[in-house]
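J.: Would you mind keeping the following structure in view while I ask a few things?
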Amino acid sequence: MTRDVREAVAEAHRREWAFVLAATARVAGDIDLAEECVQDAYVSALDAWARDGVPANTGAWLTVAARRRAIDAHRRDRTLRTKLPLLIPPDGDQEPEPELDEQEPSVIADDRLRLVFTCCHPALAREAQVALTLRLVCGLTTEEIAQAFLVSEATMAARVTRAKKKISAARVPYRVPAEADLPERLDAVLTVVHLLFTTGHTAPGGTDLIRADLVDRAVQLTLMLQQLMPDEREVRGLLALLLLTDARRATRTAPDGRMLLLEEQDRSRWDRDAIAEGQRLVMSALRGGQPGRFALQAAIAALHAEAPSYGETDWLQVLRLYDELVRVWPSPVVVLNRTVALSMVDGPAAALAEVALLEDDGRLAGYRYLYATKADLLNRLGQRADAAKAYREALAVTANAQERDFLTRRLSEVS
Amino acid sequence: MAQYLILIYETEESYAKATEAELNAVMAAHNRFAEQVAELGATMVGGNALQPTMTATTIRSDIVTDGPFVETKEALGGYYLIEAADLDQALAVGKLCPAPYGGVEVRPIMTF
């Protein structure tokens, strides 16, 4: 078997998985059966494409192959159908086997959206939403997902199974939400995709290949969402945020592997094309009404991206954007992040006062960045003893090796 | 269509402290709720308010004790049995169910 065929199958896996699974699910009427058929279809492609050549439309080939298997499975086991309630196509009836061609795009497009919205249903816990999205929409194996989230394969398998059982038992419908529910439901989808991105982006260590793959998957998912829902500004906002954040990828670690802060990154090595595209999307996402939280986060990222240095960043504008962001997304984490901008506009003392309020509030107890931020502000104010204490508090709740390394170095600087 | 139980959990103290006007408002909301369920296209199969937890008796391994099964801040105070097309419809019904002093749980009925 040539490398080309293997690569073509791998490429088809990356690009077409959701498309093929969703289309097969319509025929299979059940996600587990659909998954099995799609897996088999990809495996069969290795031989078939080696023998007959890689088809022009790999997605169509795989869909036909998978659907044929699903129909055969139904014929073989009629009784099994009554016990497979996981996905119920709204039209109910079994479709005749269509020839897959360019005329079906809108039908297929809807199917992928249905899949995504089902995986991100609020009835599922966040962890389950993430696991299910990676499994069903991205086609990652349970092992790969487990590695990405640093849990055992058994734990992840159980999580996915539980989620599927919940969908089945409680009858989570397989559909794109109604107009009225869409903003809230879309927000959940975007949150899951963003979580995939940050998991891949912020934690070097573990299996690095899987991490970079997560970032790429998140970007691809967002591109797919943009294609399927071109009018949704928050999708553009998320895409902008991902592009602008990922533009810094090359500069986030020093040659010796040490984590580099925004202040220390070599801006000349940021991906300017990604930044330009991100900025374009931000402008588009901000226009036409109240900007959502992803558009606002992207706008903040854009201000960082266009500043020649940390010090020359338009901090006042960043602060204004954070004010907006806190309004639409009153999360204590956002309030904390705002204090950093505040410190650059009004000085560390003003920011420290707000951090103290957050500490009293209690909701961020155990959140390592609360203590790390406090420590940095105290350090800037010259209060070394208090800064040292705060760095120790941060270390007590930080597991990531790179972050521990960073905090330990800072601690030694103030001790 | 599948059946779901909507369980209403609320603090009993709130009802004890409520004014007559507030209590009437809740009653009216429950009456209105029955209509709203039909408007959504779901079916109200049944429902009842329960007497307060001090009237409950618990049996565990043949031992009978006074009080509810679990002592919780928000106690089980009533239920509705509904029929809905899917979870989304059941949740839409659940959101309309009056529970001003707590919230509701939506649980699918087991089918064998």
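The values are calculated or read from the model by the stated rules, or taken from the named source; none is laboratory data. Predicted, not measured: the structure shown is a model, and the values here were computed from it. Here the Cβ is made from the backbone with ideal geometry for all residues, glycine too, and neighbour counts use every protein chain on show. When the accessible area is computed, the model is the full protein with side chains, heavy atoms only, and any ligands, DNA or RNA have been set aside. Shrake-Rupley method; radii C 1.70, N 1.55, O 1.52, S 1.80 Å.
J.: In the range A:358-415, which residues are touching a residue at least 60 places away in the same chain (Cβ under 8 Å), in a helix (DSSP H, G or I) and polar (S, T, N, Q)?
T.: A:Gln402
J.: Let me ask something else. In this structure, does A:Thr198 turn out to be without any contact (Cβ under 8 Å) to a residue 24 or more places away in the chain, more than 14 Å from every other protein chain (Cβ to nearest Cβ) and more than 16 Å from the chain's Cα centre (by Cα)?
T.: no
Residue by residue, here is whether (1) open to solvent by less than 40 Å² (accessible area, probe 1.4 Å); (2) over 30 Å from A:Lys389 (Cα atoms) holds:
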{"site": "A:Glu306", "(1), (2)": "no, yes"}
{"site": "A:Leu325", "(1), (2)": "yes, yes"}
{"site": "A:Leu336", "(1), (2)": "yes, no"}
{"site": "A:Met344", "(1), (2)": "no, no"}
{"site": "A:Gly347", "(1), (2)": "yes, no"}
{"site": "A:Arg368", "(1), (2)": "no, no"}
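J.: Please work out which residue is farthest from the chain's Cα centre (by Cα), limiting yourself to the range A:153-180 and to residues that are assigned to a helix (DSSP H, G or I) and of a type in the set (Gly, Ala, Ser).
T.: Filtering the range A:153-180 for residues that are assigned to a helix (DSSP H, G or I) and of a type in the set (Gly, Ala, Ser), the one farthest from the chain's Cα centre (by Cα) comes out as A:Ala169.
J.: Separate question: Please verify whether the range A:372-386 includes one or more residues that are of a type outside the set (Val, Ile, Thr) and under 28 Å from the mean Cα position of the chain (by Cα).
T.: Scanning the range A:372-386 turns up at least one residue that is of a type outside the set (Val, Ile, Thr) and under 28 Å from the mean Cα position of the chain (by Cα).
J.: Any chance you could count how many residues in the range B:37-57 are in a helix (DSSP H, G or I), open to solvent by 40 Å² or more (accessible area, probe 1.4 Å) and not hydrophobic (A, V, I, L, M, F, W, C)?
T.: 2
J.: Looking at the range A:121-155 only, could you name the residues that are of a type in the set (Asp, Glu) and surrounded by 19 or more Cβ atoms within 10 Å (Cβ to Cβ)?
T.: A:Glu144, the sole residue that qualifies.
J.: Please find, among A:Ala158, A:Ala169, A:Ala188, A:Ala163, the residue that is within 14 Å of another protein chain (Cβ to nearest Cβ), open to solvent by 30 Å² or more (accessible area, probe 1.4 Å) and among the hydrophobic types (A, V, I, L, M, F, W, C).
T.: That would be A:Ala169, the only listed residue that is within 14 Å of another protein chain (Cβ to nearest Cβ), open to solvent by 30 Å² or more (accessible area, probe 1.4 Å) and among the hydrophobic types (A, V, I, L, M, F, W, C).
J.: A follow-up question, please. Return the residues of the range A:230-266 that are on the phi < 0 side of the Ramachandran plot, outside any helix (DSSP H, G or I) and surrounded by fewer than 14 Cβ atoms within 10 Å (Cβ to Cβ); say none if nothing qualifies.
T.: The answer is A:Pro230, A:Asp231, A:Ala254, A:Pro255, A:Asp256, A:Arg258, A:Leu261, A:Asp266.
J.: Further question on the same structure: For B:Ile82, all conditions in the list (1) without any contact (Cβ under 8 Å) to a residue 24 or more places away in the chain; (2) within 14 Å of chain A (Cβ to nearest Cβ); (3) assigned to a strand (DSSP E or B) hold save one; what is the number of the exception?
T.: (1)
J.: Further, regarding this structure: Restricting attention to the range B:10-47, which residues are of a type in the set (Phe, Trp, Tyr) and over 12 Å from B:Tyr80 (Cα atoms)?
T.: B:Tyr15
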